[in-house]
1. Could you work out which residue, out of 140, 11, 113, moves most in a Gaussian network model of the chain, that is, has the largest mean-square fluctuation with Cα springs under 10 Å?
2. Here are some values of Cα extents along the principal axes in Å: (i) 50, 42, 32; (ii) 48, 34, 22; (iii) 47, 30, 27. Which one was computed from this structure?
3. Between residue 5 and residue 127, how high is the FRET efficiency from 1/(1 + (r/R0)^6) when r is the Cβ-Cβ distance and R₀ = 41 Å? Nearest 0.05.
4. For the chain, take the longest principal axis of its alpha carbons; what is the angle in degrees between that and the long axis of helix 30-39, to the nearest 10 within 0 to 90?
5. With the contact rule set at Cα under 8 Å and sequence spacing of 6 or more, what percent relative contact order holds for the chain?
6. Measure nothing but the geometry: give the 0 to 90° angle between the long axis through the Cα atoms of 2-19 and the longest principal axis through the Cα atoms of the chain, rounded to 10°.
7. What angle do you read, to the nearest 10 degrees and between 0 and 90, between the alpha-carbon axis of helix 95-116 and the longest principal axis of the chain?
8. Kindly provide the helix-only [θ] at 222 nm of the chain, computed as the sum of -39,500 (n - 2.57) over DSSP H runs of four or more divided by all residues, to the nearest 500 deg cm²/dmol?
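Coordinate-derived values only; no laboratory data. Everything numeric in this text was worked out from a predicted model, so none of it was measured. For neighbour counting, all protein chains shown are included, and Cβ atoms are generated from backbone atoms with ideal geometry for every residue, glycine included.
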């Protein structure tokens, strides 16, 4: 049930941000994926991470399937969900560290997809460092929002052990 709730949040939350032109800056789809991994576990983080960009892309057109942003996010976001669960639930890291490490890993995966898969689709490849350099710089507000907001939610609404 919570997995479905987090998936729905991952569709609705970005709609609000995109309505005011802030979707790419604040990365709102990532937040419910991180919360799913923390509150429900890695399987939920994986499921929400795959389902959210797919369903949102089909229902709202964001993220788009052409260019294949939705497909890249369907690989990136599960990394967020699985790793935040591993770091928080298994390794017992503070939620801020768990989110930071999961976000960094997710951005690296997104960069590797852009570098290796996009050229196979006839699209220009990007440097695998793009998401952790220029791409990360462009999304600093979103990453900071994740690092601040998710731990505050987790500390205020402590997950069951």
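1. In the Gaussian network model the winner is 140.
2. (iii)
3. Working: r = 37 Å, r/R0 = 0.90.
Taking R0 as 41 Å, the efficiency between residue 5 and residue 127 is 0.65.
4. The angle comes out at about 30 degrees.
5. Details: 261 pairs, mean separation 36.2, N = 161.
Reported as a whole number, the value is 22 percent.
6. Here the helix axis deviates by roughly 50 degrees.
7. 20 degrees
8. Details: 8 runs with 112 residues, N = 161.
Helix contribution divided over all residues of the chain: -22500 deg cm²/dmol.
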